[in-house]
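Comments concern the structure below.
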Amino acid sequence: MFKKLSEAIKRKPIIGWGIFAVVMVGVFLLGLLAASITERRAEIASIYNNKVRDIEGIESRNELWGENYPREYNTWKMTADMDFKSKHMGNMEEDVLASRPEMVVLWAGYAFSQDYKAPRGHMHALEDNRNTLRTGCPETDTDGPQPATCWTCKSPDVPRMMHEVGIEEFYKTKWGAFGSEIVNPVGCANCHDPKTMNLTITQPGLIEAFQRQGKDITKATPQEMRSLVCAQCHVEYYFKGDGKYLTFPWDKGMTVEDMEKYYDEAQFSDWTHKLSRAPMLKAQHPDYETFMMGTHAQRGLSCADCHMPYIAEGGIKYSNHQIMSPLKNVANTCQVCHRDSEENLKNYVYERQDKALEIRNRIEKELSKAHIMAKAAWDNGATEKEMEASLKLIRQAQWRWDFSVASHGASFHAPIETQRIMAHSLDRSLQAQLELQKVLFDHGVKDVAMPDISTKDKAQAYIGLDMKTLQENKDKWIKTVVPEWLKKAKEKGRIIASL
């Protein structure tokens, strides 16, 4: 072959020059590729080798991490944005009680009946926690309605304080006592090891839940960790015992029935309902548990795959830390796997949400009616024995409703399971009404007049809340106490950013 090529070149020298040119171009392109690879590797290495500062221990000040990792930090700061609204959810502040006033009745006697707003981004975690009526107006380190456990998922200052004072001591201290210490919003130290930048678990509740099941969380795969760091907070939990120790009720499993059985055996209730006197359970936000029952988790995806899509800049590939609804960024989330138009993909989500919310709205009307009927039964002389069956059904119905609606994105994460749970909730709500009708009939009551709870104000007035006084006290407290907390934090060097 080479002999024939040589003879051809002798006859036509231009062939040799052509081959030479092709080889030179190939060598040049290979050189560019090699240079690009070397440059990219150097760029990646420079991130670790040219750190601005060494981060030691539990460093809760996110700005210091940002000096080393500006790309991730700049996207994290975007969690402060309130510019997105899909058909049913976004990152804007929304008064949920105003749009669904039946919830006021469902939570009568519990702080959520006073104030419940839709969640915003991580940058707002502390602000929202301080500003909600649910945390009260503590003036000293020993008063106020809530324990320090309520800070747990709001700040990297929490693991720092747990390390300083001890886990049990942290939980049993009053919420207001750490107001000048818990000052940096959810950030870097909540999820990353400062030396290796590997994902890590900083909340003892998750570690302990795994241990009680005989599992070692340190053996989780990197892909599993991309969900488990979220599961530190986006889960169902409760405050156990007088020490208000944060505990995940996973000992019997993660389904709504498993957790209900756990609570029933522990004879636990979050509060006694003001109207029905039922021993109630309040679901927190079982996002991880619901996600694990859905098709995406079953196919090996993690929370971060959809809520923290990758961004490429040169040789750098990093996660977008503006954690929010994937519907804001369909091209880099849904369309990575699904070959369909953005409009179609959004409509698939909305279809699932619409159907789930149709059941949800029906439950809220029927379940609030059950609470009101129960109050009428008590008012007309019903006994505890007569009310036992209906109160049990009310507890079961509301637990299932709350489990579904408190989970962020449940109707998408696990639409089949979520609709199953809500169907059972609606069934129990109606069963409770039937049981109550029997009790009412036995006491000569043929009909119960339903109050006007068509607005939040009317519903709150019906359950006896003095919202004007509550709001005035909170507004004054925010203007007087919170600035003192932040002033002390700045004096201690706990805060870097201007707050």
The extension gain from E484 to D264, computed as 0.36 nm times the residue separation minus the Cα-Cα distance, is 74.9 nm
By the mean-Cβ-within-10 Å protection proxy, highest first, 216-225, 187-196 rank as 187-196, 216-225
So, with points 7 Å from each Cα along the Cβ direction, the K328-R299 label distance in nm works out to 2.4
In the chain, taking the dipole from +1 charges on Lys and Arg beta carbons and -1 charges on Asp and Glu beta carbons about the Cα centre, the listed residue (A98, N380, T255) farthest towards the positive end is T255
The alpha-carbon center of the range 261-304 and that of the range 385-443 are separated, in whole Å, by 14
Simple spin-label estimate for K87/T255, 7 Å along Cα→Cβ, in nm, reads 2.9
Label model pair M78, K458: point-to-point distance (7 angstrom along the Cα→beta-carbon line) in nm is 4.3
Quick calc, L30 & L434: beta-carbon distance into FRET formula, R0 60 Å, rounding 0.05, result 0.15
With +1 at each Lys and Arg Cβ and -1 at each Asp and Glu Cβ, the charge dipole magnitude of the chain around its Cα centre, to the nearest 20 debye, comes out at 1820
When the charge dipole of the range 382-499 is computed with +1 on Lys and Arg Cβ and -1 on Asp and Glu Cβ about the Cα centre, the Cα farthest towards its positive end, among L486, Q460, V405, belongs to L486
By the C-alpha gyration tensor axes a ≥ b ≥ c (rounded if a/c is under 1.5, else prolate when a/b exceeds b/c, else oblate), the shape of the range 89-240 is prolate
The size of the Cβ-based charge dipole (Lys, Arg +1; Asp, Glu -1) of the range 398-499 about the Cα centre, to the nearest 20 debye, is 700
Among the Cα-Cα pairs of the range 268-314, the proportion with separation greater than 12 Å, in percent, is 73
Yeah, the range 350-499 with a ≥ b ≥ c from its alpha-carbon gyration tensor (a/c under 1.5 is rounded, else prolate when a/b outruns b/c, oblate otherwise) is oblate
FRET efficiency (E56, K240; Cβ distance; R0 35 Å; to 0.05) is 0.60
Singleton cysteines, the chain, no second Cys beta-carbon under 4.7 Å -> C137, C150, C188, C191, C306, C334, C337
By accessible area (1.4 Å), largest first, D402, D81 order as D81, D402
Stretched fully, the stretch from N380 through T140 gains (0.36 nm per residue minus C-alpha distance, one decimal, in nm) 82.1 nm
Helix 256-266 sits off the longest principal axis of the Cα atoms of the chain, rounded to the nearest 10 on a 0 to 90 degree scale, by 50
The pairs in K172/K282; K355/K456; K174/K195; K87/K117; K282/K488 lying past 27 Å Cα-Cα in this model are K174/K195; K282/K488
Once the dipole of the chain is set up from charges on Cβ (+1 Lys and Arg, -1 Asp and Glu), the residue from the list A80, S341, G314 lying farthest towards its positive end is G314
In deg cm²/dmol, rounded to the nearest 500, the helical mean residue ellipticity at 222 nm of the chain, built from -39500 (n - 2.57) for every DSSP H run of length 4 or more, is -16500 deg cm²/dmol
Given 102-114, 165-177, the highest-first ranking by average Cβ count within 10 Å works out to 102-114, 165-177
Packing-ranked peptide list from 281-289, 294-302, highest mean Cβ count within 10 angstrom first, is 281-289, 294-302
Expressed in angstrom and rounded, the centroid-to-centroid distance over alpha carbons for the range 349-364 and the range 140-192 is 36
Under the rule rounded for a/c under 1.5, else prolate if a/b exceeds b/c, else oblate, using alpha carbon gyration tensor axes a ≥ b ≥ c, the chain is classed as prolate
In nanometres, the difference between 0.36 nm per residue of separation and the alpha-carbon distance of S341 and M467 is 40.7 nm
For A449, placing the label point 7 angstrom along Cα-to-beta-carbon and taking the range 353-388, residues whose amide nitrogen sits under 19 Å are 369-381
Per DSSP, the loop-located trypsin sites (Lys or Arg not before Pro) within the range 466-499 having at most 14 other beta carbons within 10 Å are K492
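The values are calculated or read from the model by the stated rules, or taken from the named source; none is laboratory data. Fair warning: this is a prediction, and the values are worked out from it, not measured in the lab. Every residue, glycine as well, gets a Cβ built from its backbone with ideal geometry; the counts of neighbours run over all protein chains shown. For accessibility, only protein heavy atoms count, side chains too; no ligands or nucleic acids. Shrake-Rupley method; radii C 1.70, N 1.55, O 1.52, S 1.80 Å.
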